[in-house]
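The values are calculated or read from the model by the stated rules, or taken from the named source; none is laboratory data. The shown structure was predicted, so the numbers you read here are calculated from the model rather than taken from an experiment. Cβ coordinates were reconstructed from backbone atoms using ideal geometry, including for glycine residues, and neighbour counts include every protein chain displayed. These area figures cover heavy atoms from the full protein model, side chains too; ligands, DNA and RNA do not enter into them. Shrake-Rupley method; radii C 1.70, N 1.55, O 1.52, S 1.80 Å.
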Amino acid sequence: MSIRPADAADAAVIARIHLISRAATMPYLPPQRRSHEQVTRWVEGVLLRECRTWVAVCGPEVLGYAAVEGDMLEHLYLRPDFRRQGIGTLLLNEVRRHNSGGLSLHVFQQNTEARAFYQRHGFTVLDSSDGSRNMENLPDMTLRWVPSSTR
């Protein structure tokens, strides 16, 4: 298992992971209206251009990805069949290594598993929202991790 920067050749598999992970772990989300091809174009044209993105790989297989814009963790998704094996922690540690001043993220309030994961990794709640700030219109929270050396 290793973590490496993502590149354009990873776009289709990142899109697939994004779609299947959201469907498996957040069944409360509205059904996906975008095709795999549309999400792949978003990965190529937006995600890989605007975010620093890493992939977790085992041999040639991409098992998950994380994307950061500034100090905001925009995405951390894993293939559902590889959850709870330490891959999310490896990706998060890589992201934190590159964001030594701290890291924020938004998480849906209903996503209790993700909230527990981030809490275990030292994130604390900064605020909560009624959903008006996200396109799904679901209540969410902003979490923040600050390294102990800067507290």
Every listed condition ((1) surrounded by 13 or more Cβ atoms within 10 Å (Cβ to Cβ); (2) modelled with pLDDT under 95) holds for Tyr28 save (1)
Just one of (1) under 26 Å from Ser2 (Cα atoms); (2) at pLDDT below 95; (3) in contact with a Ser or Thr (Cβ under 8 Å, 6 or more places away or on another chain); (4) surrounded by 13 or more Cβ atoms within 10 Å (Cβ to Cβ) trips up Pro139, so point out which.
-> (1)
Residue hits (segment 123-132; open to solvent by 70 Å² or more (accessible area, probe 1.4 Å) and not in a strand (DSSP E or B)) are Asp130, Ser132
The one condition Met72 fails out of (1) within 15 Å of His18 (Cα to Cα); (2) of a type in the set (A, V, I, L, M); (3) free of Cβ contacts under 8 Å to residues at least 40 places away in the same chain; (4) surrounded by fewer than 21 Cβ atoms within 10 Å (Cβ to Cβ) is (1)
Take segment 87-103 and flag every residue that is surrounded by fewer than 17 Cβ atoms within 10 Å (Cβ to Cβ) and in a strand (DSSP E or B).
-> none
So which residues in segment 34-57 are under 14 Å from the mean Cα position of the chain (by Cα) and open to solvent by less than 80 Å² (accessible area, probe 1.4 Å)?
-> Val43, Leu47, Leu48, Cys51, Thr53, Trp54, Val55, Ala56
For segment 86-130, what are the residues that are touching a residue at least 24 places away in the same chain (Cβ under 8 Å), within 23 Å of Pro30 (Cβ to Cβ) and of a type outside the set (Phe, Trp, Tyr)?
-> Leu105, His106, Val107, Gln109, Gln110, Asn111, Glu113, Ala114, Arg115
Residue check: is Arg120 surrounded by 14 or more Cβ atoms within 10 Å (Cβ to Cβ) and among the charged types (D, E, K, R)?
-> no
Which condition number does Arg115 fail, the rest of (1) under 19 Å from Ala6 (Cβ atoms); (2) assigned to a helix (DSSP H, G or I); (3) open to solvent by 30 Å² or more (accessible area, probe 1.4 Å) being met?
-> (1)
Which of the residues that make up segment 10-37 are free of Cβ contacts under 8 Å to residues at least 24 places away in the same chain and closer than 11 Å to Val62 by Cα?
-> Arg16
Residue satisfying condition, being open to solvent by 40 Å² or more (accessible area, probe 1.4 Å), of a type in the set (A, V, I, L, M, F, W, C) and closer than 28 Å to Arg133 by Cβ, within set Ala9, Ala23 = Ala23
Do we have any residue at all in segment 38-48 that's free of Cβ contacts under 8 Å to residues at least 24 places away in the same chain and part of a strand (DSSP E or B)?
-> no
